[in-house]
């Protein structure tokens with residue numbers, strides 16, 4: 001699969017990532033994350049981007065853990081978990097490079 005680039009502009013920061021995923025899929029992930037961020041802001045009233053990002057990530061992990069398991073006892077979204085962890089590593093690297 002060819003690599004796709006995605007520009008992420010959220011919570012006061014912006015950067016680009018490149019992934020071995022379809023660009024429409026990456027856009028869908030970003031839209032989902034933006035929605036989760038907005039829900040976190042509404043529920044908590046927080047303004048601090050770092051706290052919002054951490055709580056949103058925690059809530060998304062909770063959602064992932066509650067995903068129904070298949071017959072083998074594994075989450076059907078194992079691939080989503082792998083992608084999420086890979087993106088976290090990439091985001092940390094970008095933030096380190098900027099800092």
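The condition (being at pLDDT 90 or above and over 19 Å from residue 98 (Cβ atoms)) is satisfied by just one residue among 7, 78, 34, 3: 34. Taken over region 17-38, the residue count meeting the criterion of being more than 15 Å from residue 7 (Cα to Cα) and in contact with a helix residue (DSSP H, G or I) (Cβ under 8 Å, 6 or more places away or on another chain) is 2. On inspection, residue 60 qualifies as modelled with pLDDT of 85 or more and surrounded by 12 or more Cβ atoms within 10 Å (Cβ to Cβ). When residue 19 is tested against the conditions (1) buried (at least 16 other Cβ atoms within 10 Å of the Cβ); (2) free of Cβ contacts under 8 Å to residues at least 60 places away in the same chain; (3) within 23 Å of residue 93 (Cα to Cα), the lone failure is (2).
Taking the conditions (1) surrounded by 11 or more Cβ atoms within 10 Å (Cβ to Cβ); (2) not in a loop (DSSP other than H, G, I, E, B) in turn, residue 14 satisfies each one other than (1). Cβ-Cβ contacts under 7 Å between residues 6 or more apart (or on different chains), taken from a first residue in region 30-51 that is on the phi > 0 side of the Ramachandran plot to a second residue that is modelled with pLDDT under 95, are absent.
The values are calculated or read from the model by the stated rules, or taken from the named source; none is laboratory data. The structure displayed is predicted, hence computed values, not measured ones. Note that we place each Cβ from the backbone using ideal geometry, even for glycine, and neighbour counts take in every protein chain shown.
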